Amino acid sequence: MLTAFLNPDGKAGAGPAGVAVGSLGAVQVADDVGGMVWRITPE
């Protein structure tokens, strides 16, 4: 589910720092290395 944080060698390329579930069910992950919030929704 969170493979975007891994490089092709399987090592972490980002720093997930927090996880929350939004009111519509999306998972939001804070990345303290990249300074981003990733929003993950079902397909």
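Every read-out reported here was derived from the displayed coordinates using simple, explicitly stated rules and does not represent laboratory data. Computed from a predicted model, the values in this text were never measured in an experiment. Using ideal geometry, Cβ is built from the backbone for each residue, glycine included, and neighbour counts are taken over all protein chains shown.
Which label marks the calculated value of percent of Cα pairs over 15 Å apart, given the options (1) 46; (2) 68; (3) 42? Answer by label: (3). Multiplying the residue separation of Ala30 and Leu6 by 0.36 nm and removing their Cα-Cα distance gives an extension gain of 7.1 nm. Sorted on the mean count of surrounding Cβ atoms within 10 Å across their residues, most packed first, peptides 17-23, 28-34 read 28-34, 17-23.
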